[in-house]
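Enquirer: This is the structure I have questions about; it appears just below.
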């Protein structure tokens, strides 16, 4: 299993000379100023500053004062194709990813129709081979139509290139159904990613259940709606020795359930979004529909536990859950609005500004967590080493901007960080995997 | 004050100012000709996304007593059923240049949202389970008339389905702003988690109801039973019905209407002199007159006395285009 599972549109392999860049790749153990040569889409040479010269058709880039990082990887995005191209398509979604410094992403199957059959996956990969600006992979549905009733043809979907399986946007309600998928995984492989929510607890909810929902008169979604399902499914994964990935964790109790599962040696991994790391239910008080997402923004204690979980490794990686919605869909009363925020274009800057600058997280650790998602789906990790594919992001950590001030690359603008002053501007993304 | 979107945004002084204005308007209601020209030439649009004969009529009557033109727009049987969004409906109706839009919707925050889309003053007549500020104001008005010691220091119990009640939310805030101590009581399935953050106390039984100076019963909606919030209305009544046995002789009984006799209230307490339910309805008109007056004519220095007949209020300084318009032949036009 490897990079061939990802698809990318046509492009010219990069020939670059990045001079005088602060190269930071914690996995490769690099944190120093270097010149970096990229030839034919590969990292050809890493030399001491001032030692490398551009030759031939190489484009020379003065990167002094800039940081060169391994390109980020997002294991959880919604590219809305097919069926909802008015929100996003493969081209705009991957352009947004590149603008945010991402050199790879995994698209979710809750499209219209649902990505639950091999022919659909084939045609989607064909489209991606024409339109995607960065390499992308696809998850297929666990159950047909995300209905939770019948398994998809998981083995055929895997052969056609599905990275794994998820009913994201919905939980697999029935423990018995999920168990069958976990058993079937022994045949076909592929990480099973789970959106955890007990619909009998979350029904009618528009935000986190707590003091803010009580004050606003909005239906609440209690955190136990997520954490009880995380605990249930971790136990199932342990029992079946299956490989599961918990999507977008949002609360203390879920972090604890994952920590428990990992302590048992169960094969679980998890992700957290920038918005759950930085925002809380208090940000919903104004009933701004950009703050409406699933799982909902929870309490300050939850937020802190997620940051701590990301730091100590209980949470493996950052994922944006980039969920574009058209303006008219979000420009409605809070209860009527669809759940979701875009996130690809602001993820790094928001986390850098709010967690790294105040000293909560080290920059190296943030880079590690923003590139760790690929390995969870058996994909190569972006690394800055000689001979590796050039998956690189050049950022200006001092570059300050108002999120969204020049519009968005995404077709949608429902970003929960819009209007915030952020630091850490992405200047260039090389995605040559 | 540009809009009335919630009680949350009003301080005690503002609540008292509106209630005092309502008291001045109460005198108009006792006249043979129940009308003053304070808002002549102004247009009030009632935009209702939920069936509500009572609140809508109360606003309509209030606007008419101030000589405003009134247009009623009900969402059923209109463009809304053809899929028009709230925003487009508001933009379309704004072309008629209403001075105020009275808005009732099933969605929290809708009034605030609409206030960003148009120039009219927005009056929130109920937004989902969030707020119903004019109800709270009329309840404060009613209580101030009824309680000899005023609301300050009074103990007010709000009983019933707090979870689904915008009246409860607005009143918890309003009564506390006026100095009362508020307790909410009801079945645990109908008391929202976190409600105590609004400053009220929470009880699951009526054992201490005798401590209350005012008992405010909420309407129990039958559909709550289908959603298993309650085992049965019979059990609800057994535990939470305000009846002759539970209501003390000096307690004031309130209810936002319409009453389910035999469920949240027994028939005998509805008919008792302690019940101020019809006084609340009466207060509704004068309080809504005061709100409309505050938004459309008030809050300026040297206000003319709006209760004096025969003299119209001066034109709105911010809207010169509305001056000198001929009177419309009829006060009410039915759209859609």
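Read the figures in this text as sums done on the coordinates, not as results from a lab. All of these numbers come straight from a predicted model, not from anything done at the bench. FYI the Cβ positions are ideal-geometry reconstructions off the backbone, even for glycines, and counts take in every protein chain you see.
Enquirer: Which of rounded, prolate or oblate describes the range A:71-384 when judged by the alpha-carbon gyration tensor and an a/c cut-off of 1.5?
Expert: The shape class here is rounded.
Enquirer: Set the Förster distance to 56 Å, then compute FRET efficiency between residue B:23 and residue A:327 from the Cβ-Cβ distance, nearest 0.05.
Expert: About 0.75, to the nearest 0.05.
Enquirer: Taking 0.36 nm per intervening residue step and subtracting the Cα-Cα distance, what contour gain separates residue B:202 from residue B:76 on full extension?
Expert: 41.6 nm
Enquirer: Right, something else. What is the packing order of peptides A:162-173, B:227-238, taking the mean over residues of other C-beta atoms within 10 Å and listing the highest first?
Expert: The packing order, highest mean first, is A:162-173, B:227-238.
Enquirer: So for chain B, averaging the separation of alpha carbon pairs under 8 Å that are six or more residues apart and normalising by length, what relative contact order in percent results?
Expert: Relative contact order here is 23 percent.
Enquirer: As an exercise, find the ratio Rg/Rh for the protein assembly as shown from alpha-carbon atoms, using the Kirkwood inverse-distance average for Rh.
Expert: That ratio equals 1.06.
Enquirer: Now for a different question. Could you give the nm distance between label points at residue B:35 and residue A:54, where each point is 7 Å from its Cα heading toward the beta carbon?
Expert: Inter-label distance under the simple model: 8.2 nm.
Enquirer: With an 8 Å Cα cut-off and a minimum separation of 6 or more residues, compute the relative contact order for the range A:1-143 in percent.
Expert: 27
Enquirer: Moving on. Could you let me know the centre-to-centre spacing of the range B:180-231 and the range B:6-39, using Cα atoms, in angstrom?
Expert: 30
Enquirer: Go through B:256-264, A:343-351, A:416-424 and give me the packing order, highest mean Cβ count within 10 Å leading.
Expert: A:343-351, A:416-424, B:256-264
Enquirer: Could you order the peptides B:282-294, A:281-293 from most to least packed, using the average number of other C-beta atoms within 10 Å per residue?
Expert: Top to bottom by mean Cβ count within 10 Å: B:282-294, A:281-293.
Enquirer: Across peptide B:190-198, how many C-beta atoms of other chains are within 10 Å of each residue C-beta, on average?
Expert: Per residue, the number of nearby Cβ atoms from other chains is 5 on average.
Enquirer: To the nearest whole number, what is the average tally of beta carbon atoms from other chains within 10 Å of the beta carbons of peptide B:102-115?
Expert: 4
Enquirer: Next up: Give the average, rounded to an integer, of partner chain Cβ atoms located within 10 angstrom of each Cβ in A:206-217.
Expert: Mean shielding count: 6.
Enquirer: How far, in degrees from 0 to 90, does helix B:12-29 lean away from the longest principal axis of the Cα atoms of chain B, to the nearest 10?
Expert: Approximately 70 degrees, to the nearest 10.
Enquirer: Counting alpha carbon pairs within less than 8 Å and at least 6 residues apart, what relative contact order, in whole percent, applies to chain A?
Expert: Relative contact order for chain A comes out at 20 percent.
Enquirer: Another question, if that's okay. Can you pull the one-decimal nm distance between simple spin-label points at residue A:159 and residue A:186, each 7 Å off the Cα toward Cβ?
Expert: It is 2.1 nm.
Enquirer: If you don't mind, another one. Could you tell me how many degrees, from 0 to 90 and to the nearest 10, lie between the Cα long axis of helix A:90-99 and the main elongation axis, the longest principal axis, of the Cα atoms of chain A?
Expert: Tilt of helix A:90-99: around 60 degrees.
Enquirer: In a GNM of chain A with a 10 Å cut-off on Cα contacts, which of A:323, A:60, A:253 has the highest mean-square fluctuation?
Expert: Among A:323, A:60, A:253, the largest GNM mean-square fluctuation belongs to A:60.
Enquirer: Same structure, new question: Just want the ordering: A:134, B:33, B:242, B:151, from fewest to most Cβ atoms lying within 10 Å of their own Cβ.
Expert: B:33, B:151, B:242, A:134
Enquirer: Tell me whether the range B:128-284 comes out rounded, prolate or oblate; compute the Cα gyration tensor, take square roots of the eigenvalues as a ≥ b ≥ c, and use a/c under 1.5 as the rounded threshold.
Expert: It is rounded, given that a/c, with a ≥ b ≥ c, falls under 1.5.
Enquirer: How many angstrom lie between the Cα centre of the range A:138-214 and the Cα centre of the range A:327-392?
Expert: When both Cα centres are located, 22 Å separates them.
Enquirer: Once R0 is set to 41 Å, what does the formula 1/(1 + (r/R0)^6) return for the Cβ-Cβ distance between residue A:129 and residue A:224, expressed as a FRET efficiency to the nearest 0.05?
Expert: About 0.40, to the nearest 0.05.
Enquirer: OK, next. How many nm separate the modelled label positions at residue A:27 and residue A:150, each set 7 Å beyond the Cα in the direction of the Cβ?
Expert: Going by the 7 Å Cα→Cβ label model, 3.9 nm.
Enquirer: Tell me, how many Å apart are the Cα centres for the range B:102-131 and for the range A:272-313?
Expert: 27
Enquirer: Multiplying the sequence separation of residue A:378 and residue A:85 by 0.36 nm and subtracting their Cα-Cα distance, what value in nm do you get?
Expert: This chain segment gains 102.6 nm when fully extended.
Enquirer: Which angle from 0 to 90°, rounded to the nearest 10, does the C-alpha axis of helix A:224-240 make with the longest principal axis of chain A?
Expert: So the helix axis and the longest Cα principal axis differ by about 80 degrees.
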